[in-house]
Structure formats: C-alpha cells, structure tokens
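The values are calculated or read from the model by the stated rules, or taken from the named source; none is laboratory data. Computed from a predicted model, the values in this text were never measured in an experiment. Counting neighbours? That spans all protein chains shown, and the Cβs are built from the backbone with ideal geometry, glycine included.
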C-alpha cells in the first residue's frame with residue numbers, strides 16, 4: 001500500500017505580508033549647503049567687523065581723553081572738534097591727532113576706537129614739575145627738565161629751581177621723592193656744583209638734603225619731622241636727622257609727653 005506524504009504547510013496569519021525593510025541611510029548635508037552656510041557666516045562676521053571699524057557709518061556718541069589732567073583734557077576735546085553724531089568713517093584721524101598734539105603740554109597722541117561708537121584720544125601729557133624765572137616771567141618744566149610753557153604769574157604748588165643745570169636729574173629725583181610723601185611743600189630747590197641740595201619749604205623752614213642719594217628714606221624722615229615746627233631740618237644722614245632752632249609741637253600734642261626720642265636740636 002502506497003502512502004502519500006503531503007508537503008509541509010507553513011501557516012501565516014491572514015492579511016500580513018512579510019516586508020523587507022530597506023537599510024537605514026544616514027543624513028548627510030549636501031556639500032553645497034555646507035559651503036553656503038560657511039559663506040553666510042563669513043559674510044556676517046565681515047559685516048559686523050565693518051560696522052565696528054573706522055569705515056562704519058555708525059555715529060560717534062562719545063569722545064574720551066585718556067592720559068591728561070582734567071583741564072588739559074578739556075582743551076584736547078575742544079581742539080579735536082569731533083561733534084556727537086559724526087559718522088566714524090568721517091573722522092579724520094590724522095587731523096585729530098595733529099590737533100591734540102598742538103595743545104600745549106601734549107607730547108604725543110593716538111586715536112583709538114572703543115567699539116562700537118566711542119572715540120578714545122590717548123595722550124602723553126608733560127606734567128608741570130618745577131619752575132624757573134622771576135616775577136612776570138616763569139618757565140614751567142616737566143620732570144625731565146624740558147620746558148613746557150611760559151606763564152606771567154607764578155604757578156602754585158611748584159618749586160622754583162636753581163643751580164647747576166647738568167645736575168637736574170639728581171635734583172629731580174630728590175623732589176620726586178618728596179612729592180610722593182608731601183605733595184607741594186617745597187617752595188625753592190637748589191643744587192650746587194658739587195651736588196649738594198638745599199630746600200626751602202612753604203612755611204619758610206630750610207632743609208639740608210645733602211646729595212641725591214637715599215632719597216626715599218630722606219623723604220620719609222622729612223615728612224615725620226615736619227610735624228615738629230622748626231627753623232630747619234637736616235636729613236642728609238636719614239638715620240640721624242636733626243632740627244635747627246627751637247622745635248614746636250603741634251597743638252594736639254602740647255599736653256602729651258613724648259614717648260619716643262626726638263631728633264637733636266641744633267642752634
């Protein structure tokens with residue numbers, strides 16, 4: 001007897017077909033799109049830089065002077081003549097610099113742009129340091145000994161200098177040390193041919209400074225001695241200072257005993 005064997009039947013759920021999913025593709029921006037974005041970004045950067053440069057049509061909103069005393073700064077602003085609202089591209093930088101340098105006492109000037117609309121005039125001012133001359137004809141000098149200007153009336157707070165011109169740097173160093181401790185107290189300053197410095201203070205007291213050495217130490221000692229009113233002060237040897245004439249204590253100390261040794265008094 002022959003037996004027939006049927007083919008195996010694979011059962012599937014009715015209505016569902018087997019669909020093969022396509023392989024996933026990664027998103028890759030087109031090269032042209034990348035280039036376009038790069039060009040756009042570069043254009044925006046260039047436009048921003050242009051808008052914040054001397055070629056910009058942005059109007060000036062503020063002009064600032066740096067490096068000068070207030071009075072001189074006002075003169076520089078007036079000389080520069082940059083009114084608010086002027087487009088940055090219309091600012092003639094060389095003209096402004098030349099006008100600033102033409103102001104008396106200004107040695108050099110430079111124009112800077114503080115983005116987006118502030119113009120900064122950076123100057124080097126020669127600061128008055130000392131004077132020389134006589135009534136009605138005073139020459140003002142800077143710390144390097146270079147003349148700045150002439151004035152008819154004596155400027156306040158500046159010492160009258162005299163003596164050997166070649167020794168000016170030595171005298172200037174001594175005066176600068178005093179200025180740091182007690183600004184404006186020296187009325188007259190003289191340096192001899194052999195380099196000895198003598199001073200007269202505003203109150204009339206004489207100061208024997210000696211040579212231009214240990215200037216910082218001498219200035220500190222002098223500042224301390226000035227609390228004692230005396231005819232003169234000797235600080236040529238700063239660790240052994242002395243007073244000339246009778247010393248008078250400040251009023252607030254007249255009822256107090258001295259707790260520290262005082263400089264010796266020389267008659």
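See the values below:
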{"read-out": "Top-ranked residue of region 188-208 - restricted to ones that are under 16 Å from residue 230 (Cα atoms) and under 31 Å from the mean Cα position of the chain (by Cα), ranked as surrounded by the most Cβ atoms within 10 Å (Cβ to Cβ)", "value": "199"}
{"read-out": "Yes/no for residue 112 being in a strand (DSSP E or B) and either touching a residue at least 60 places away in the same chain (Cβ under 8 Å) or not assigned by TED's automatic domain parsing to the domain that holds residue 72 (or both)", "value": "no"}
{"read-out": "Test: residue in region 212-223 that is surrounded by fewer than 20 Cβ atoms within 10 Å (Cβ to Cβ), closer than 30 Å to residue 107 by Cβ, in contact (Cβ under 8 Å) with a residue 24 or more places away in the chain and in contact with a strand residue (DSSP E or B) (Cβ under 7 Å, 6 or more places away or on another chain)", "value": "no"}
{"read-out": "Residue count for region 118-133, restricted to those that are surrounded by fewer than 17 Cβ atoms within 10 Å (Cβ to Cβ) and farther than 30 Å from residue 169 by Cα", "value": "2"}
{"read-out": "Some residue of region 88-101 being crowded, with 18+ Cβ neighbours inside 10 Å, at pLDDT 90 or above and under 20 Å from residue 150 (Cα atoms)", "value": "yes"}
{"read-out": "Matching residues, region 119-163, being touching a helix residue (DSSP H, G or I) at 6+ places or on another chain (Cβ under 9 Å) and under 26 Å from residue 209 (Cβ atoms)", "value": "129, 130, 141, 143, 144, 145, 159, 161, 163"}
{"read-out": "Among (1) touching a strand residue (DSSP E or B) at 6+ places or on another chain (Cβ under 6 Å); (2) without any contact (Cβ under 8 Å) to a residue 24 or more places away in the chain, the one test that residue 197 misses", "value": "(2)"}
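Condition check ((1) out of contact with any strand residue (DSSP E or B) (no Cβ under 7 Å at 6 or more places or on another chain); (2) within 15 Å of residue 161 (Cα to Cα)) across all residues:
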position: 192; (1), (2): no, yes
position: 206; (1), (2): no, yes
position: 209; (1), (2): no, yes
position: 228; (1), (2): no, no
position: 234; (1), (2): no, no
position: 238; (1), (2): yes, no
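Residue-by-condition table, conditions (1) over 16 Å from residue 72 (Cα atoms); (2) assigned to a strand (DSSP E or B); (3) modelled with pLDDT of 95 or more:
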| position | (1), (2), (3) |
| --- | --- |
| 104 | no, no, no |
| 108 | no, yes, no |
| 121 | no, yes, yes |
| 128 | no, no, no |
| 148 | no, yes, no |
| 153 | yes, no, no |
| 157 | yes, no, no |
| 170 | yes, no, yes |
| 176 | yes, no, yes |
